[in-house]
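Step one of this worksheet: look at the structure below.
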């Protein structure tokens with residue numbers, strides 16, 4: 001399982017929460033973290049997010065690393081660049097910014113790890129009235145991402161078998177990577193065109209209202225999940241204010 005794997009490995013507790021409830025919770029967390037510039041607020045939110053890892057089936061350190069390493073590397077880079085390029089930014093400000101980036105990204109990691117993409121598409125079309133063509137088109141595109149990763153590895157190995165390698169030459173490596181990326185782009189465009197034609201042939205662009213065979217239902221646990229998110233965010237902001245660390249975006 002890689003960081004691009006979609007959907008849960010098995011039946012996980014977080015996966016029982018309706019996807020639109022999870023998206024609503026993500027929206028709440030996003031608003032709170034974008035509105036605060038201090039380090040206390042993201043620390044509290046991050047602690048709550050980490051508590052959800054077992055519920056999402058993320059218990060193995062190796063699995064957690066594979067799911068989160070892009071987030072951690074990006075956050076470290078953002079914090080470092082902010083301190084490096086800003087004249088008045090301190091190390092604390094860089095850490096606070098990095099924590100915000102992680103806090104904003106982890107809910108998406110949890111959603112991808114715990115939620116079946118088909119359930120997500122169903123929930124979007126049923127509860128938020130998202131266009132079926134967009135929802136299931138996005139679902140199909142997400143399904144193709146792991147395939148692109150596999151194809152990239154196949155192309156790389158095929159070139160290595162033929163002796164096409166860059167060695168220690170960084171320019172040659174960049175040229176080979178650009179060539180492989182272009183090959184994947186052409187293949188992705190062709191596959192996308194065939195997929196769009198197939199979807200239109202099945203009536204996704206007919207304009208006729210579609211029914212949903214599987215359906216999607218909201219339960220009390222979904223409401224409790226959103227309310228719990230609101231409580232955590234409120235507690236984070238309250239603690240930040242009480243400690244004197246609160247630094248709202250509009251006050252800077």
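The values are calculated or read from the model by the stated rules, or taken from the named source; none is laboratory data. On a predicted model such as this, the values are computed, not experimentally measured, just so you know. Positions of Cβ are backbone-derived with ideal geometry, glycine not excepted, and every protein chain shown enters the neighbour counts.
Observations, loosely collected:
- Taking the conditions (1) part of a helix (DSSP H, G or I); (2) loosely packed, with under 10 Cβ neighbours inside 10 Å; (3) in contact (Cβ under 8 Å) with a residue 40 or more places away in the chain in turn, residue 146 satisfies each one other than (2).
- Given (1) touching a helix residue (DSSP H, G or I) at 6+ places or on another chain (Cβ under 9 Å); (2) closer than 27 Å to residue 140 by Cβ; (3) not in a loop (DSSP other than H, G, I, E, B), number of the condition residue 226 does not satisfy: (2)
- Single residue of 94, 10, 79 found to be at pLDDT below 90 and either over 26 Å from residue 250 (Cα atoms) or not in a helix (DSSP H, G or I) (or both): 10
- Any chance residue 204 is more than 22 Å from the chain's Cα centre (by Cα) and either modelled with pLDDT under 80 or closer than 21 Å to residue 118 by Cβ (or both): yes
- Restricting 100, 67 to those that are touching a strand residue (DSSP E or B) at 6+ places or on another chain (Cβ under 9 Å), part of a helix (DSSP H, G or I) and buried (at least 17 other Cβ atoms within 10 Å of the Cβ) reduces the list to 100.
- Filter pass, residue 196 being out of contact with any strand residue (DSSP E or B) (no Cβ under 6 Å at 6 or more places or on another chain), in the same structural domain as residue 153 (by TED's automatic domain parsing) and either surrounded by 13 or more Cβ atoms within 10 Å (Cβ to Cβ) or not in a helix (DSSP H, G or I) (or both): yes
- Which listed residue is under 16 Å from residue 228 (Cα atoms), out of contact with any strand residue (DSSP E or B) (no Cβ under 6 Å at 6 or more places or on another chain), at pLDDT 90 or above and surrounded by 12 or more Cβ atoms within 10 Å (Cβ to Cβ), from 72, 58, 52: 52
- Restricting segment 110-143 to residues that are in a loop (DSSP other than H, G, I, E, B) and not assigned by TED's automatic domain parsing to the domain that holds residue 64, the residue that is nearest to residue 197 (Cα to Cα): 131
- With respect to the conditions (1) closer than 20 Å to residue 122 by Cα; (2) out of contact with any helix residue (DSSP H, G or I) (no Cβ under 6 Å at 6 or more places or on another chain); (3) surrounded by 11 or more Cβ atoms within 10 Å (Cβ to Cβ); (4) modelled with pLDDT of 85 or more, residue 220 falls short on a single one, namely (3).
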